[in-house]
């Protein structure tokens with residue numbers, strides 16, 4: 001029996017549970033939250049709609065009920081609105097949430113590992129890349145990944161598709177490195193139905209710089225636009241997390257842009273990765289332009305510094 005655990009039944013955790021239920025990702029889905037009443041409420045609500053989906057048992061529980069889970073999604077912590085990370089001009093962006101959410105991880109990750117030592121951990125909480133590094137240290141294993149730039153990648157494909165009047169499924173494009181303001185857009189390898197975007201832009205006399213600036217603006221700040229409308233960016237990430245969970249629990253070995261620890265950089269980065277039963281099985285670094293490579297290097301240096309600074313602060317405490 002495939003079992004999925006979700007720790008954190010707030011807006012995002014509930015959206016993950018809904019998407020996982022509809023997709024039939026697992027036979028058994030258990031929700032854990034610091035508010036047992038909230039976890040029970042979300043699970044009960046979903047349970048009444050579950051007969052319309054593939055067979056799934058959705059229920060609330062405590063950490064010990066995570067035993068036997070193949071994957072545990074971590075969506076607990078403060079979100080961007082609560083944590084004051086909705087200023088488009090703030091260079092920290094989601095990184096502003098790190099200190100508070102690290103405290104949450106210190107509380108919950110050891111409990112998850114004690115109950116489900118074999119489970120892959122998937123970080124959805126922001127900022128995902130530094131929190132993967134923290135989770136690896138707390139869990140004492142590296143079977144940890146994050147949704148990272150998968151949602152950014154889908155947004156990238158959607159906005160390119162919109163501008164060229166095609167289906168997003170016909171667009172091949174990746175956003176890598178980190179989920180946030182400093183994401184790296186792999187423009188040099190964008191294809192529409194296999195045709196290089198560079199060639200399409202030239203044939204149609206489209207000003208590339210204007211196109212790039214417009215698309216990146218829409219993608220980088222999509223979350224803030226959503227939060228301004230409904231208070232939380234939840235449904236897209238819920239669908240993304242359910243898809244990644246599906247790949248892990250079914251050992252699909254699909255290639256997705258997710259975050260995992262990159263030993264060559266000494267920090268977690270988001271890269272197209274083969275996702276299977278053990279989480280990230282391997283990574284497939286895309287061919288990058290010099291500008292894109294510089295962006296990845298700068299992102300890695302910044303993230304590594306932030307993680308090191310936080311670790312030093314912890315050691316001194």
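Can you name every residue in the range 220-251 that is farther than 30 Å from residue 163 by Cα and touching a helix residue (DSSP H, G or I) at 6+ places or on another chain (Cβ under 7 Å)?
245, 246
Are any residues in the range 175-207 part of a loop (DSSP other than H, G, I, E, B) and over 25 Å from residue 98 (Cα atoms), and if so, which ones?
186, 190, 193, 194, 204, 205, 206, 207 - these are the residues of the range 175-207 that are part of a loop (DSSP other than H, G, I, E, B) and over 25 Å from residue 98 (Cα atoms).
Given the residues 24, 61, which is the only one that is in contact with a strand residue (DSSP E or B) (Cβ under 8 Å, 6 or more places away or on another chain), under 20 Å from residue 249 (Cβ atoms) and touching a residue at least 24 places away in the same chain (Cβ under 8 Å)?
When all the criteria are applied, what remains is 61.
Of everything in the range 221-242, what is surrounded by fewer than 21 Cβ atoms within 10 Å (Cβ to Cβ) and either within 16 Å of residue 19 (Cα to Cα) or touching a residue at least 40 places away in the same chain (Cβ under 8 Å) (or both)? Give them in sequence order.
221, 222, 224, 227, 228, 231, 232, 235, 236, 239
Quick check on my filter: what residues within the range 143-174 are assigned to a helix (DSSP H, G or I), touching a strand residue (DSSP E or B) at 6+ places or on another chain (Cβ under 6 Å) and in contact (Cβ under 8 Å) with a residue 60 or more places away in the chain?
Within the range 143-174, 150, 152, 153, 156 qualify.
Among the residues in the range 68-78, are any modelled with pLDDT of 80 or more, more than 20 Å from residue 24 (Cα to Cα), exposed (fewer than 15 other Cβ atoms within 10 Å of the Cβ) and in contact with a strand residue (DSSP E or B) (Cβ under 7 Å, 6 or more places away or on another chain)?
Within the range 68-78, none of the residues are modelled with pLDDT of 80 or more, more than 20 Å from residue 24 (Cα to Cα), exposed (fewer than 15 other Cβ atoms within 10 Å of the Cβ) and in contact with a strand residue (DSSP E or B) (Cβ under 7 Å, 6 or more places away or on another chain).
How many residues, within the range 238-257, are under 15 Å from residue 156 (Cα atoms) and either modelled with pLDDT under 95 or in contact with a strand residue (DSSP E or B) (Cβ under 7 Å, 6 or more places away or on another chain) (or both)?
Final tally of qualifying residues: 2.
When you check residue 45 against the structure, is it more than 14 Å from residue 124 (Cβ to Cβ) and out of contact with any strand residue (DSSP E or B) (no Cβ under 6 Å at 6 or more places or on another chain), yes or no?
Criteria met by residue 45.
Going by what's in this entry, would residue 18 be described as within 22 Å of the chain's Cα centre (by Cα), in a strand (DSSP E or B) and modelled with pLDDT of 95 or more?
So residue 18 fails the test.
Within the group 287, 217, which residue is exposed (fewer than 15 other Cβ atoms within 10 Å of the Cβ), in contact with a helix residue (DSSP H, G or I) (Cβ under 8 Å, 6 or more places away or on another chain), at pLDDT below 95 and over 30 Å from residue 28 (Cα atoms)?
The unique qualifying residue is 287.
The values are calculated or read from the model by the stated rules, or taken from the named source; none is laboratory data. This one's a predicted model, so the numbers in the text were calculated from it and none came from an experiment. When we count neighbours, we look across all protein chains shown, and the Cβ atoms used for this are built from the backbone with ideal geometry, even at glycine.
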